[in-house]
Amino acid sequence: MGKGRPVRTFTTRYFLSLGNVFFSLILGVASLAFCAIFFENFTLELLKGADSLREWLVSHSTSPKMEIIARLILHESAILVVGFTIAARIVLGAIIMFFAWLITGRADHIT
């Protein structure tokens, strides 16, 4: 809070970043649904890849307890949702940086 910055600036930045995460999640799920509807073969290959990743991660478990936890948490659809959400955050961040650059002439103050 130093140098005269009001508290609402930090609160605003917190809620803007939280909104960014929430919007990225919604955008990731929507893009996954779009892929599932219009690109069935691609989505099927992604699901098979996610299953391979899951099995690889589970096979490297160090104990039965860790394997149980990994099998409970990791699921193909969860891996795909996380992947699409991360991709949506990257795209959304690039769009925000582009518009910040257009408006202010610099994009380094966003981060």
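Brief remarks on what is shown
- Conditions (1) without any contact (Cβ under 8 Å) to a residue 40 or more places away in the chain; (2) in a helix (DSSP H, G or I); (3) hydroxyl-bearing (Ser, Thr, Tyr); number of the one not met by Thr62: (2)
- Arg54, sole failed condition from (1) over 18 Å from Leu92 (Cα atoms); (2) in a helix (DSSP H, G or I); (3) modelled with pLDDT under 85; (4) basic (Lys, Arg): (3)
- Enumeration of residues in the range 38-78 that are charged (D, E, K, R) and out of contact with any Ser or Thr (no Cβ under 6 Å at 6 or more places or on another chain): Glu40, Glu45, Lys48, Asp51, Arg54, Glu55, Lys65, Arg71, Glu76
- So Phe10, is it modelled with pLDDT of 90 or more and loosely packed, with under 13 Cβ neighbours inside 10 Å: no
- Leading residue by the ranking (surrounded by the most Cβ atoms within 10 Å (Cβ to Cβ)) among those in the range 36-67 that are among the polar types (S, T, N, Q) and more than 26 Å from Ile26 (Cα to Cα): Ser61
- Looking across the range 68-78, just one residue is buried (at least 16 other Cβ atoms within 10 Å of the Cβ) and either modelled with pLDDT of 95 or more or of a type outside the set (A, V, I, L, M) (or both), and that is Glu76.
- Qualifying residue in the range 3-12 (condition: without any contact (Cβ under 8 Å) to a residue 12 or more places away in the chain and at positive phi): yes
- Filtered residues of the range 82-103 (kept if surrounded by 13 or more Cβ atoms within 10 Å (Cβ to Cβ), out of contact with any Leu (no Cβ under 6 Å at 6 or more places or on another chain) and at pLDDT 90 or above): Val82, Gly83, Ala87, Arg89, Val91
- Pairs are defined by a Cβ separation below 8 Å, a sequence spacing of at least 6 or placement on different chains, a first member in the range 66-84 that is without any contact (Cβ under 8 Å) to a residue 12 or more places away in the chain, and a second member that is not in a helix (DSSP H, G or I); the pairs so defined are Glu67/Ser61.
The values are calculated or read from the model by the stated rules, or taken from the named source; none is laboratory data. In this text, all values refer to a predicted model and were calculated from it rather than measured experimentally. Cβ: placed from backbone, ideal geometry, glycine included. Neighbour counts: every protein chain shown.
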